[in-house]
Every structure is written in C-alpha cells, then in structure tokens.
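The values are calculated or read from the model by the stated rules, or taken from the named source; none is laboratory data. Because the structure is a prediction, the values reported are computed rather than measured. Positions of Cβ are generated from backbone atoms using ideal geometry, with glycine treated the same way; all protein chains shown enter the neighbour counts. These area figures cover heavy atoms from the full protein model, side chains too; ligands, DNA and RNA do not enter into them. Shrake-Rupley method; radii C 1.70, N 1.55, O 1.52, S 1.80 Å.
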Amino acid sequence: MIPDSFKRDLLNRVDIVDIIQRHLTLKKAGANYSACCPFHTEKSPSFTVSPTKQFYHCFGCGAHGDAIGFLMEYSGLGYIEAIKELAAGAGMTMPEFEPRFGKKKEETGPDLYDLMQRATQYYREQLKATPQAIEYLKRRGLSGQIAAHFGIGYAPDGWQNLQAVFPDYSDKSLKEAGLVIENDAGKRYDRFRDRIMFPIINQRGFVVGFGGRVIGAGEPKYLNSPETPLFEKGRELYGLPQARQSIRDAGRVLVVEGYMDVVALAQHGVGYAVATLGTATTPVHVQKLLRQADEIVFSFDGDAAGRKAAWHALEVSLPATLDQKTIRFLFLPEGDDPDSYVRSKGKEAFEELAGRAEPLSAYLLGQLRARVDTNTAEGRSRLVHEAKPLLKSVAAPGLQLQLLKQVADISGMTQQEVERLCELRRSTPAPGGWQRPAPPKIARAAVKSFELSLLKCVLIKPALAGELSSEIIRGESIEVNALLALGDYVRANPEVSSEVMLIDHFRGSPYEMLLRQVRSELISLALSPEDAEGEFRDALPRLERQRIHEQLNELQRKNKAGALSAADIELMNALTKRLATLDQRPGANRPVV
C-alpha cells in the first residue's frame, strides 16, 4: 500500500479548491465554494466544495469525495494515477508500495500509453490500405467520418505485423500492454490478427485497450484486450468519452452489449450509447453512469442470455439507486440488436422504443411474479422470500418504500408484515406516529441512527475512534463493524487526524461506501471537533444503556422459558437499577445527530 504518512503529507500540501478550480469555475458561497456539477446536467449550482473539510459534494447527483476522488471521477484516472498527478503537482516523489485489500499493484507508466497510441495509429493506417476492411465497414453502414470519430482501425492477418512498429518485438512492455502473446515455448505473436480494431479510450483520452471484431468466419467473433496495468474491464465503458456531451444533452445514457452497436447508433444520430467490454455490468459502471445522466437505459437482446444479463444488471444497480434517477430496461424484438434495429427502422423509431423501456421497478416485480404462482399461499410466500434480498439492496429510500408496498399488495400481506419478513428497518412512521417501544426493547432504526451518529463524530475527530472496542459497541451491522475497524486503525496510527485519511485508508474495503455516505452528510453540518467530542462523550452512557437492554432482553427470554435462576434475578435487579440511574442523567434522551 502507499504509506498513509505519504498520503497525509500529500493531502496536507494540496488544496482541493485549487485542484477543482483548474477544471471548473467556482464561486464563493459563504464558507464554501459552489459550481454547476460536472457529473450531471443542471441549471442551478448544487456542487459544493468545502475548503475546511477538503471535500466536495453534489446535492443533486450525490457525487462526493476528496481531491483524489475528484481527479479519478473527472479525469478518469485510476487511484494510483490520481495520487501520482497530485504528487507531481506538489513536487513530491512517489514511494514504493504494495497493494491493499487484495488488489493488484497498479503501475501505469507513460511508456505503455505510448505503445497503445502507436499501435492505434498503425491499425488506422492499415485500415486505409485494406479495401476488404473498408468494404466491411461500408456494408455495416458506417461512414469514414464515424470511423475516424471512434478511431477504428484494422489489424492485418499475419503473426508478427507489429514488429514493423516496434523493432524490439521482445520488449516485455508489449506483452504487459496486451498487444502480443507469448506461448509456453517463448515464441511471440500479435494478439489481434485480421480484425476490425476498436480502440478503448479512458476518460483522459488515452487508449487503454482494444476490441477486435473478426471480418469473416472465425472465433471468437470479438476479442478483447486482457486485463493490464492500463485496462480494467469492470471500470471502463466503450464509447464513454465520445458520448459524454451527447449524454449530458439527452440526460440519458444507453448501455448496449457490443462495439458495433455503439458505433452504428452514433452513425444514425444516437450518440449517447456506451458498451460494456466483454464483461457483465458492474457496480462501478452503474455508479459512473448515474453521475453522467439522470436516466440509464440498459438494452439487451430478448433471448435467454439477454434476460440473464439484464437481471444481473438489475441486481448490481439496486445498491446504487437514487430517488432522483431512473433506470430502465429495453428488450429488443427477437432477432434484432441495436445495430440492426437502428439501421432498419431509423433513429426516431429506436428512440421511441427506448422511451418506452421498462422501469426498474416494473421489471423487478414482473420477474418476481413470473417465478411463482400468486394464486397459492405458497407462491405468494415464496415471492416475498425472493424479494427480500432485492428490497434490502435498494439504496433509494423512496423507491424501496414503493417496492415494499407493491410486494405487499401482490403477496396479500400488509406492508408491516412484509417489512418484518424482509428484515427492513422502518423508514417512515407507522400510522398514528411512532410508538414508544416497551422497555427494554430497542427500535432497530434508532440503533442504526445511533451508530451513524458515532460514525459522524469519529470522522470529525478521528482520535475518538481509539476509545471504541467490541467491549463497548456490539452488533453485526456494517456500521458496527466499520466503527470497530476505525478503532483498530486509529489505535495503531494515533497520528491520524483527518477524516480524509480515514476514508482513504479504507478505500476498496467493505466500509468505503458507508464512510463516504456519512462524510457527504457532514458537509452540511456545522459540527466542530469540540461539538463532536461532546456528542461522543454523551454517547458513552447510551452505549451502556444499549448493552443493558440487550442483557435484559436475554433475561426476559429465559424468564418466559422458565429457566431464570436466582443469580439471574439478582442480575436483572442490578441492571434495572443501573438503567434507572442512567435514565436520570442530563441529556439521557437527547436525540442523536
């Protein structure tokens, strides 16, 4: 890993306002700065930069992060690349490092980018000199202008054509960049042969990989670059740099399955399409696209493989859902793909079809209905069982509530019954308002709110985390585990004094998204470190009350089972007295932040 001390020094040297001002025009807005968000289309500024917290947040699309995160999202840099760029600007030399959380080391030297650019130019020159390749593209309805727009080229047949571009054909960088393959005997040959070449360009405008489409018969029909230090399939989307402006203009992004689909759609005036790169849709894809547009339309073939891919896209989309964004699913008529449909029907027909794409909610509920027989009690019960993990994954509270109500209607149960069976935390008041829970039970929603309050205090003043341990805070939730992990880290690194450093340390861990979400709320809270410590100190007796409640719950269960001993009775009395003492403390019922 990159040493935390280096990142701490780096982030102390750079100013996020200066970094972002290189790309956006910021205006002073009280203690912060504001601008129109670069990650989605808007007329009124909702993008805020905090110089004191060294953090940005968009109240419109939810984008947020530090200077490292901004460079990653705005410029399309990888994590290591972003740190390198900041370090270069600050005059700091990168140290040696090892990967963390199971991730491989990422090294993206300029020599690899240069190799990819030179290969791209060679393939484009070969296209101009190869009539059969030009004829193939014409048959597919592509003009020379659109081919140039996407940098399309041709890899000629033959085993070592790239030797004409790279005289040192044995250079290990050629293999590292994925341009050549080396067999067990040590013999090298070009990876791409007799294929139309589609350069894959990252958000900085650099070629990081290729997709090759065979012209005639042959398998595989499409061949992609392997994972390399430059190219990670699960993070990149074909055509995104070229489509960015069209996506912002349309407020919509269309996700298709193939390179030719993207290019053909652009040829016919549908310029807001992108494609996944020979892999299923990933959470990173969804998060990246939701920052670009208000609506994502996933387009799939109507066959079994397309339906399976669509369901996977739905599953990975649920944790990224936002109530102000829309996700839809488009299934083309059998035998059609976006390429063939737009060529035969035209732009207007295709966009009319895309406009009628099925909303995520309708697709989800339709698939659940199709799996069961809702005319039987067993089928309706199974529907709730199938819905449970999906409902729990939905991040958008409004959408989750709507789905909950519809699942209840379909299953013939009440909303509260489905909520209980699916183990969902209540997000809206029950009819008649909240009912005060009978002691000593604790409302689950209150527990979560309490744990999130602790996380806010710890992020504002990290030293407080060192006082938390499994003896003080207990539970199996991700919030509890995050607090314990923060406590372990701060005790081992007492010099950590910034929430930026805390979140950066846990980048790539299971707690990263939770910590980022909590920090995004802090930008609108005027809570000083002193206030945070006061909240934290006030929380310690409440932690004790929580443990007492848990013990009393267990003792009551034993009492109902007739297994309560004399020692248990004595303990129950002692706990009850201690609880009464804690309840009398000033601020015992003070709401959490």
- Count of region 25-53 residues which are touching a residue at least 60 places away in the same chain (Cβ under 8 Å), closer than 26 Å to VAL286 by Cα and assigned to a loop (DSSP other than H, G, I, E, B): 3
- Message: Let me confirm something: among LEU127, LEU142, LEU174, which residue is closer than 27 Å to GLN245 by Cβ and within 37 Å of the chain's Cα centre (by Cα)?
- Response: LEU142
- Message: Please determine whether any residue of region 211-223 is within 26 Å of the chain's Cα centre (by Cα) and either surrounded by fewer than 23 Cβ atoms within 10 Å (Cβ to Cβ) or modelled with pLDDT under 95 (or both).
- Response: yes
- Here the residues within region 191-210 that are aromatic (Phe, Trp, Tyr) and open to solvent by less than 10 Å² (accessible area, probe 1.4 Å) are PHE192, PHE198, PHE210
- Query: With PRO359, PRO338, PRO333 as the choices, which residue is under 27 Å from the mean Cα position of the chain (by Cα) and over 23 Å from GLY398 (Cβ atoms)?
  - Reply: PRO338
- Task: Could you please find all residues in region 224-260 being open to solvent by less than 40 Å² (accessible area, probe 1.4 Å) and in a strand (DSSP E or B)?
- Result: ASN224, TYR238, VAL253, LEU254, VAL255, VAL256
- Matching entry among ALA67, ALA82, ALA63 (being among the aliphatic types (A, V, I, L, M), over 21 Å from ARG248 (Cα atoms), buried (at least 17 other Cβ atoms within 10 Å of the Cβ) and at pLDDT below 85): ALA82
- Residue, farthest from the chain's Cα centre (by Cα), within region 370-411, restricted to residues that are among the small types (Gly, Ala, Ser), surrounded by 13 or more Cβ atoms within 10 Å (Cβ to Cβ) and farther than 15 Å from LEU314 by Cβ: GLY379
